[in-house]
Structure formats: C-alpha cells, structure tokens
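*Asks:* I'd like to ask you about the structure that follows.
Since every read-out is calculated from the coordinates, none of them should be taken as a lab result. Predicted model only: the values in this text are computed from it and were never measured. With ideal geometry, Cβ positions are generated from the backbone for all residues, glycine too; neighbour counts draw on all protein chains shown.
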Amino acid sequence: MMVKPERLKKGDTIGVIAPASPPNKENLVRGLKFIEELGLNYKLGKSLYKEYGYLAGKDEERLADLNEMFLDDEVKGIICAGGGYGTARIASGIDFEVIKNNPKIFWGYSDITFLHTAIRQETGLVTFHGPMLASDMGKEDVNQVSKDTFQQLFEPADLHYSIEISLIEEMVPGSAGGPLVGGNLSLLSSSMGTPYEIDTKGKILLIEDINEEPRAVDRMLNQLYMAGKLQEASGILVGDFNNCVPERELSLSLDEVIEHYIKLADRPTLKGFKMGHCTPHIAVPFGTDARMDTKMKSVFVESGIK
C-alpha cells in the first residue's frame, strides 16, 4: 500500500541527518541556510558532525538519528545532509513500525538509495530522490532548478519531465507505467540477496551513478540483469552517470555498456534525465505512479505528498 507523507508548511521543522558519511561542514552551513530560505526550521541529528572513519558516527548513532527523527512529532520531514557510504549498515536496525506510525517526508539520494528501497518496501512510504544539503545545496553555485525542485514538498503537483528540461533520447521504444523506484546503481546491486532486495516487477526503474568505470557499471548491470531485475521492470529511466569513464586504455565506453544491457532487457527505455550527481538535479518521489512514453520523450510522475 502506498503511503504519501503530509506536505510541508512554512514554519515547519525539518530533521537533518547524515546516515552515511560525514558531510562537508562548510557546505552544510550553506545548505542549512537554504532550509531557512524555504521558510523552514531545522533540528540537527546528534551524530551529524561526528566522524568515525568514512562514517558520520558509529552505526548505532546514525541509526538512532534516523529512528528518532521519525519518532519526533515536531519534525515534519527529514532531509539527508549527504551520501557517501554507510546506509546499508544500518538498514536492518530501522524501526519500521515507527515509520509506519509516523509517516513523513524523507529526502536524499546516492547512498540514501538503500534507505529509500528498505523504507518503501517495508512500510509503503513514498520517499524523495533529490539533492541533499551539503553535497548539493551547500555548493556555492547551486542551480535555481535544483532549488525549485524542493517546492514539490509544499504543494501537491504531478511532475512532467520532457525535452524542455534536458535532452532525452529513446533507447528502446514503447510506453510503460508503474510505481517509480530505483536510484543509485551501486546501492541497487548491493541490495541483492538482502531482505531489502529491490523489487522492480511492474515498476519503472531509475538508475544513476558516479565515479564508476564502465567495467564496474557492466558488473552491476549484469547482476541486475541475471537476477531478472531489468527484465521485470515495466520501463527504465537512465539518469546521470557522472564521471563514469574508463581508467584503462582497453575499455568499452559507458554508452556501450548501458546500451548492451538495455537492449537485452528490451523494456521501454529513455536516457538523459537530470537525476543523480548532476546539475541541475530534478527530484522525484519514489513509490508513486509514473507513466513514460518514448515516442513523446516524456515522463509523468504523480505527486509524492498529500
């Protein structure tokens, strides 16, 4: 069952957490100012500024921040400061009953993909794949389109993504519909064999990634293909693959790798979406109904709030 969170209102409080790696502190300060520009207040997670190797605090500390923000009645939405690595380490400790009883906006991407998948599949809650506070909104040259994408949290409105936003190309012709799911390819592949293995059956699958060589993208797409995840999807959206270039002389190109698996899957597919580690970065809700048409080169995504 799909559960949409309540919309935000000016003056609401947002919880800010770092469930993966430590965020850049200077960028985070600017990101928090952006929250204020939206007319919102914020409450910081206790481990937000902690550092434990490549993690923003120990697993139990980051997990506590996530569970407590969902439990806190004052907090109306949760926005992640950044990604990196670490969310899969805490997924098994999430109190899904708390989330079921306290559904609210949850926003992030990249490593946060593992949490999107786990939360949606365990609770039905619609979550948001979008730019984060330190890694995106805290940069000095933030694109206005990226800023505007947060407005979907205040007023229900379906998203129409067309060639007016970016150059969309047809890879496999056709039309498809179903709940939009997916996110970062590395995290989707790492969900395989876990209790939170991505369910793509009858769904539109979004994939994106950053800093992965074509051979690594090949490995991850091959894993999803051999597991039937690409073929079971009703359609596929290829987002941004930032800096996914070969580091060796003998290599397939990224386009060759992606095209190989998209052709094997033979599902309606469009590529060129500004979703992922890119500028601008268009946020989308995961779990709501989406419709894609390769001939029209457009995608409609149902609003993620009520």
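*Asks:* What longest region of the chain stays clear of GluC sites (Glu not before Pro) that DSSP places outside H, G, I, E and B and that have at most 12 other Cβ atoms within 10 Å?
*Replies:* Counting at most 12 other Cβ atoms within 10 Å as exposed, the longest clean stretch of the chain is 165-246.
*Asks:* Hey, another quick one. What does the charge count near Asp59 come to, summing +1 for each Lys or Arg and -1 for each Asp or Glu among other residues with Cβ under 12 Å from its Cβ?
*Replies:* Values: positive: Lys50, Lys58, Arg62, Arg89; negative: Glu60, Glu61, Asp65.
Charge balance near Asp59 sits at +1.
*Asks:* Roughly what would the spin-label model give for Glu249 and Glu169, points 7 Å off Cα along C-beta, in nm?
*Replies:* It is 2.7 nm.
*Asks:* Would you mind calculating the gained length between Glu26 and Ala157 on full extension (0.36 nm times residue separation, minus the Cα-Cα distance), in nm to one decimal?
*Replies:* Extra length available between Glu26 and Ala157 comes to 43.9 nm.
*Asks:* Using Cα-Cα distances under 8 Å and only pairs 6 or more residues apart, what relative contact order does the chain have, in percent?
*Replies:* 22
*Asks:* By the gyration tensor of its Cα atoms, with a ≥ b ≥ c the square roots of the eigenvalues, what is the shape of segment 1-90: rounded for a/c under 1.5, prolate for a/b over b/c, or oblate?
*Replies:* It is oblate, given that a/c is not under 1.5 and a/b is not larger than b/c.
*Asks:* State to the nearest 20 debye the size of the charge dipole of segment 155-230 about its Cα centre, where the only charges are +1 on K and R beta carbons and -1 on D and E beta carbons. The partial results should precede the final answer.
*Replies:* Values: 5 positive and 12 negative charges, 87 e Å.
So the magnitude is around 420 debye.
*Asks:* Right, here's the next one. When the Debye formula is applied to the Cα atoms of segment 159-301, each taken as the same point scatterer, what base-10 log of I(q)/I(0) results at q = 0.17, 0.18, 0.22 Å⁻¹?
*Replies:* At q = 0.17, 0.18, 0.22 Å⁻¹ the computed log10 ratios are -0.89, -1.01, -1.53.
*Asks:* Let me ask you something else. At 222 nm, what value in deg cm²/dmol follows for the chain if DSSP H runs of at least 4 each add -39500 (n - 2.57) and the sum is divided by all its residues, to the nearest 500?
*Replies:* On the way: 10 runs with 87 residues, N = 306.
Calculated from helices alone, the mean residue ellipticity at 222 nm is -8000 deg cm²/dmol.
*Asks:* Turning to a different aspect of this structure: Please tell me which of these pairs span more than 29 angstrom C-alpha to C-alpha: Lys25/Lys229; Lys58/Lys139; Lys147/Lys297; Lys201/Lys306?
*Replies:* Correct reply: Lys25/Lys229.
*Asks:* Something else about it: Which shape class applies to segment 125-194: rounded if a/c is under 1.5, otherwise prolate when a/b exceeds b/c and oblate if not, where a ≥ b ≥ c are the square roots of the Cα gyration tensor eigenvalues?
*Replies:* Values: a/c = 1.55, a/b = 1.17, b/c = 1.32.
Cα axes put segment 125-194 in the oblate bin.
*Asks:* Could you check the simple spin-label distance between Asp95 and Glu140, using points 7 Å along Cα→Cβ, in nm with one decimal?
*Replies:* The answer from the label model is 4.3 nm.
*Asks:* In addition: Answer with a single label: of [x] 0.93; [y] 1.32; [z] 1.58, which was calculated as Cα Rg over 2.2 N^0.38 Å from the structure in view?
*Replies:* Here Cα Rg over 2.2 N^0.38 Å agrees with entry [x].
*Asks:* Taking loop as defined by DSSP and a crowding limit of 14 other beta carbons within 10 Å, which trypsin sites (Lys or Arg not before Pro) in segment 192-274 fit?
*Replies:* Sparse-neighbourhood loop trypsin sites (Lys or Arg not before Pro): Lys201, Arg248.
*Asks:* Around Glu208, with a cut-off of 14 angstrom between Cβ atoms, what is the net charge of the other residues, counting Lys and Arg +1 and Asp and Glu -1?
*Replies:* Here the count lands on -3.
*Asks:* Still on this structure, I have one more. Roughly how many Å is it from the Cα centre of segment 152-212 to that of segment 84-102, as a whole number?
*Replies:* 21
*Asks:* Same structure again: Fully extended, how many nm does the chain gain between Lys297 and Thr194 (0.36 nm per residue separation, minus their Cα-Cα distance)?
*Replies:* 33.6 nm
*Asks:* Next question, about the same structure. Between rounded, prolate and oblate, where does segment 228-306 land on the alpha carbon gyration tensor, with a ≥ b ≥ c its root eigenvalues, rounded for a/c under 1.5, else prolate if a/b exceeds b/c?
*Replies:* It is oblate, given that a/c is not under 1.5 and a/b is not larger than b/c.
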